[in-house]
Structures are given as C-alpha cells and as structure tokens.
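Peer 1: Below is the structure I would like to discuss, written out as structure tokens.
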Amino acid sequence: MKLRNLAGAALALTMSFQAKAASMVLAAETLKCGGYITLEKTAETLVILRVDISANNTCKSPLVMEIKSQDIHGVINSAAGSIELNPHAISAILPVKIGDETLLLKLSDQAQREVATANTRADLSEEQRRQAEISRRNDAAGAAVVGAAVVGAGAVTAAAAANSER
Amino acid sequence: MRKALILLLIVLTPWVGQAQGTSYGQTLRLQNSALIDRLNLILGERMKSLQRCEDPTFHQKALAMYSYLKAADLNHEALVKQQKAILFSLLDLLRSSRELEQRCLGSSQIKSIRKPFAFSNNSENQNNPLNRLWWKTLEPSCYKIRLKGELRHVDGNACFAGDRVVVKTFEKLQVDLIETSLRYSYALLADLSNTAPQGELLLEKSYFNEFHSNNPTLLLSALAAMGSSGPSGLTGWLQGIEDRLLIQDLNSQLNNEQILRRFTDLQTAKYNYIVFRDTVDRYKISLKIYGQEMNSWSRHNVMAAFLGCSLRGSFETKTPGLVYLTGVAYEAKDFISHLKEGVSLKASKKNFIDDTNRYKVSGLFGYHLCAP
C-alpha cells in the first residue's frame, strides 16, 4: 500500500513536469497581485491561456476574466488552470481583462507564426479522424518501416505543393 | 454573450516538434475558403437567373450574403472562425433558390459557374469530327477565381479538362468516386509506412490489397480523382472533379453535413496523395505502376494515363494522339499565363516542352495498359 502511494506520487510529479514541457509559451504577462498568465500552444496544436494565481500572491478570488475577441467572460474558480482559445481570432496582441487589470499579451513574429499553424478543437476532430484512420491501418499492417508518424503527421512541403500544380 | 467557464484541465501530453510545411489543418481552412468562394459565385448566378421570380425574403438575404462575401477577405481570422456557419447559410440559401425556381419556373437545376475553354473556329479542333467529339467528351472548362490558396498566387490558368470522364467512369463502373479515392489514399499511406527507405512500392499491389481486385481502369480513375489536381486549399479554387460532384450534391437531397463531408473527404484523399508523393521523394522510394516508373509523374501524367486508358474504347488508335493534343491545348494556355505571371521565356518554354511530353508518354502508357 505504501509502495503504491509512493509510485503514484512519483508519477504525478513526472506528469506535472511533462505538462510544463508539453506546451510552447507564446506570450506571458504578470498580474499586479503576483499571479501570471501565459499564452501557450500545446502538443495537440491547440492554443490555451494558462492562468496561475496559486503561489505567493495577493490575488483576490474569485476573479472575473474577460477576453472580448474570444467571446469569453467568466469567473476564474480555480487557483491554476487553462482555457482553450480560438487561434483563428488571435493576431499580434491579445487583450485579457482579469479583475480590474487589462493585460496585453504581445505576440512576437515567431509566436504569430505558431498561432497561424494552430487549430481549434473542431479543426482537430477532422485531423484526428485522419490520424485515427492512418493509425488503424498501420496497426493492422504491423511494424512501420518508413514510419506511420512520419507519414501521418507529414505536412506538405511548399516544393511538393508547387510541383503538384502547373 | 456566451458565458464560458475557466477550465481546470491541464494538458499533459508531451510536446513534439511540428512538421514544417502546410499542415492538414491549414489546408482544411483554406479549402473551406475556396468552397465558400465557389458557393457564393454560384449564389450570384442563381440570383441573376431568378431575378423575375418574386420572393423578397430570398432576394434580400441572398444579396446581403453575396455582397458581403464578395467583398470580404475569406482568409481573415474573423471569417475563418465562422466558416462552418457561413457554409451552412450558403447551402441553405441555395436550397431556397431551388424551391423558388420550382415554384416560379416549374423546374429546378443549380448549374456550375464553369465557362467552356474557347477554341479557334478555324482550327482542326472545330473542323475534324473526331476532334470535336473528343473535346465534347472532355468538356474542358475554366473557372473564375480570386483566392491564392497555399501556392500564394492566383492561378492564371484556372482551367481543367477530363473531369467529366473521371466522374462518368466511376458512374459507369458503379463505384463511389469519393469513397474509393479516400480508401486508396489511406492504403497508399499505409503501404508507404511499411516500405523501407530506398525501397520499392507498387501502386497496383496497394490497390489489390485494398480492393482485392486487379482493375487498371479503376486504379487510374482513383489516381486521377486524387492526383490530377491539388486540394482546393492548395490551389484556392475547386477544380473540375470537385466542381462536378458539388453541383451533383447541390441538386440532390443530401443535407448540409453530408455535402460538406463529401467535399472534405475528397480533399483529404488529395491531401493524402500529396503527402504520399512528398514522402516517397524524401525517402527515395521507387514508385511503380504496372512496371512503369512514376517518380517523375506530375498531375499531367496522371490525367494523361487515365484518358489514354478510359477513352481507348471510343477513340481506338487515335486516343494517344488526342491525349497529346489535349496536353498541347492546355500547355499553350499555360505558357501564356506563365509569361503573364513573370516567368521567364526560357522557363516557360521548358515547362511547355516537359509537360506536353508528359501527355505524350503517359497517354500512350494508359492506352497500352488498358488494352483488352
């Protein structure tokens, strides 16, 4: 029983570490009260806003958050968490109102390029359908040589795209 | 305003590097923009043809939608966010236009915006009955376009020929074009996953494993459906095959979801085929079709082989020559559009020679492959 608890704790730590490494931070801002928000792109290519008001801060709770461009208005009811955003409605600056503060998340050119290749969950459902079909067939066929991941995740290069036309 | 609660979920999946290039997700958005553009052009034509039919609600709604989309940047984030809603509205309006036409004129038929590819009246194409029949069979057409797609330039030669024969061949064989193409595209990707770098992949073997039959005509038809033109997200316009299927679907009893699903599935098959060819090149895999090397094949070879095969029954020994003529007709127009787009004379000339040769070689290949 004790061993199992220990294993569980270790796993939780690993998962928590992976969660940190899993996303690419595109922009970050700090709240006056010590909390912070980050705009991140996840491994699934979703864009999320991560909010953390959990440690060493004087943020009042509950806090009201509003992101007009995303049609989001709600109460932050957790010390730390994240919300999915629509990347198609994000440009160079994303204003986020939290409590009585308005934070401007400024995206670098590189960050904007990352946002341009991000997806909504609706976009992903079609992508996942495609990926699932590729995986199903690869599983049925046995060991991959060139690699299912390469083929499945493959994006079309500009050269291939251009060569296919004219 | 919609209320949204802050989620408690934390994403735990590890970060993996992103593939370079045009992703499937990007293509999905761009192809939807191309579809919106095409449906809006069709709506514009419907409004003109129904001018005398009284229905203020339809005309008011259609005009508002048409004018807004005609002036809008279809790839703007705000519009991309609403793509599905816009597509549904357009499809609803087109359905209403059919009902109005039925009430007002007693019939209902949505037509394509395609314009016939124009030939000179004095040419062999007009005077020779066999040539006339050939062009009637192929029905080459051009399309009005404005979007750039992933190629990042507006196609100066938005014309396509042979799509009618592709669609008719599937109808004749009583096989669903979209389902067959999609299945075959996945089969090719699966076989590719199991091919060693610098190994060999035989297209007819992949076809046989998937469909348990040896049918060169159907194989070339599926290849033509997915490989004779790029996905609409890439090109910015719906080419011949998707145009024909879309018009069929708009005149059918299919609901909006079904129409969009069919469109997306064909686009996915085309995207899969480009990924397939791209990966074949990257891993230097030898690609063959019934003994013929096809690593150097472009979409022109695919269409030429298909035409050489599927039309030999009607045009017999003249078929390879007529396929070559098709290549010359298309590439002559392409040559001019290249020059207009600023491509050098030398490069445009080389493109003309290379691509017309594709029609010559592959038309002959398809002709011999499908000999009875």
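The values are calculated or read from the model by the stated rules, or taken from the named source; none is laboratory data. Quick caveat: nothing in here was measured; it's all calculated off a predicted structure. Virtual Cβ from ideal backbone geometry, glycine too; neighbours counted across all protein chains shown.
Peer 1: Mind listing whichever residues of region B:258-284 are at the interface with another protein chain (Cβ under 9 Å from one of its Cβ atoms) and not in a helix (DSSP H, G or I)?
Peer 2: B:Tyr283
Peer 1: Next question, about the same structure. Spot the failing condition for B:Val154; the list is (1) in contact with a Gly (Cβ under 9 Å, 6 or more places away or on another chain); (2) of a type outside the set (D, E, K, R); (3) at pLDDT 90 or above, and only one is missed.
Peer 2: For B:Val154, the failing item is (3).
Peer 1: Going by what's in this entry, would A:Ser78 be described as facing another protein chain (nearest Cβ under 10 Å) and touching a residue at least 40 places away in the same chain (Cβ under 8 Å)?
Peer 2: no
Peer 1: Within region A:103-123, is even one residue more than 14 Å from the chain's Cα centre (by Cα), more than 11 Å from chain B (Cβ to nearest Cβ), surrounded by 12 or more Cβ atoms within 10 Å (Cβ to Cβ) and on the phi > 0 side of the Ramachandran plot?
Peer 2: Among the residues of region A:103-123, not one is more than 14 Å from the chain's Cα centre (by Cα), more than 11 Å from chain B (Cβ to nearest Cβ), surrounded by 12 or more Cβ atoms within 10 Å (Cβ to Cβ) and on the phi > 0 side of the Ramachandran plot, which makes the answer no.
Peer 1: While we're looking at this one, here's another question. State all residues of region A:46-74 that are touching a Leu at 6+ places or on another chain (Cβ under 7 Å), of a type in the set (Val, Ile, Thr) and either in contact (Cβ under 8 Å) with a residue 60 or more places away in the chain or more than 19 Å from A:Thr30 (Cβ to Cβ) (or both); if no residue qualifies, say none.
Peer 2: Scanning region A:46-74 gives a single hit, A:Val47.
Peer 1: Any idea which of (1) more than 14 Å from every other protein chain (Cβ to nearest Cβ); (2) in contact with a strand residue (DSSP E or B) (Cβ under 9 Å, 6 or more places away or on another chain); (3) more than 20 Å from B:Gly230 (Cα to Cα); (4) of a type in the set (Ser, Thr, Tyr) is the one B:Ser123 doesn't satisfy?
Peer 2: B:Ser123 satisfies every listed condition except (2).
Peer 1: Go over the candidates B:Ala71, B:Ala62 one by one and state the one that is at pLDDT 95 or above and surrounded by 20 or more Cβ atoms within 10 Å (Cβ to Cβ). So that I can check it myself, show each step before the final result.
Peer 2: On the way: B:Ala71 fails: surrounded by 20 or more Cβ atoms within 10 Å (Cβ to Cβ).
Step by step, each of B:Ala71, B:Ala62 is checked, and only B:Ala62 is at pLDDT 95 or above and surrounded by 20 or more Cβ atoms within 10 Å (Cβ to Cβ).
Peer 1: Would you confirm whether any residue within region A:90-100 is without any contact (Cβ under 8 Å) to a residue 12 or more places away in the chain, away from chain B (no Cβ under 12 Å) and in a loop (DSSP other than H, G, I, E, B)?
Peer 2: Let us first name the residues in region A:90-100 that are without any contact (Cβ under 8 Å) to a residue 12 or more places away in the chain, namely A:100.
Within this subset, residues satisfying the condition of being away from chain B (no Cβ under 12 Å) are A:100.
Restricting the remaining residues to those that are in a loop (DSSP other than H, G, I, E, B) gives A:100.
Checked region A:90-100: at least one residue is without any contact (Cβ under 8 Å) to a residue 12 or more places away in the chain, away from chain B (no Cβ under 12 Å) and in a loop (DSSP other than H, G, I, E, B).
Peer 1: Name every residue in region B:74-91 that is polar (S, T, N, Q) and either outside any loop (DSSP other than H, G, I, E, B) or modelled with pLDDT of 95 or more (or both), in order of residue number. Write out each step before concluding.
Peer 2: Filtering region B:74-91 for residues polar (S, T, N, Q) gives B:75, B:82-83, B:89.
Listed by number, the residues that qualify are B:Gln83, B:Ser89.
Peer 1: While we're on this one: Output the number of residues of region B:338-372 satisfying the condition of being farther than 24 Å from B:Leu220 by Cα and touching a Gly at 6+ places or on another chain (Cβ under 9 Å).
Peer 2: So the answer is 3.
Peer 1: Give B:Asn214, B:Asn255, B:Asn251 a once-over and let me know the one that is more than 28 Å from B:Leu41 (Cα to Cα) and either in contact with a Leu (Cβ under 8 Å, 6 or more places away or on another chain) or of a type outside the set (A, V, I, L, M, F, W, C) (or both).
Peer 2: Details: B:Asn255 fails: more than 28 Å from B:Leu41 (Cα to Cα); B:Asn251 fails: more than 28 Å from B:Leu41 (Cα to Cα).
Being more than 28 Å from B:Leu41 (Cα to Cα) and either in contact with a Leu (Cβ under 8 Å, 6 or more places away or on another chain) or of a type outside the set (A, V, I, L, M, F, W, C) (or both) holds for just one of B:Asn214, B:Asn255, B:Asn251, which is B:Asn214.
Peer 1: Considering each of B:Ser337, B:Ser286, B:Ser298 in turn, give the residue that is more than 17 Å from B:Trp135 (Cα to Cα), under 19 Å from the mean Cα position of the chain (by Cα) and surrounded by fewer than 22 Cβ atoms within 10 Å (Cβ to Cβ). Spell out the reasoning first.
Peer 2: Details: B:Ser337 fails: under 19 Å from the mean Cα position of the chain (by Cα); B:Ser286 fails: under 19 Å from the mean Cα position of the chain (by Cα).
After ruling out the rest, the residue left standing is B:Ser298.
Peer 1: When you go through B:Leu287, B:Leu307 one by one, which is the residue that is part of a helix (DSSP H, G or I) and among the hydrophobic types (A, V, I, L, M, F, W, C)? I'd like the intermediate steps shown before the answer.
Peer 2: On the way: B:Leu287 fails: part of a helix (DSSP H, G or I).
After ruling out the rest, the residue left standing is B:Leu307.
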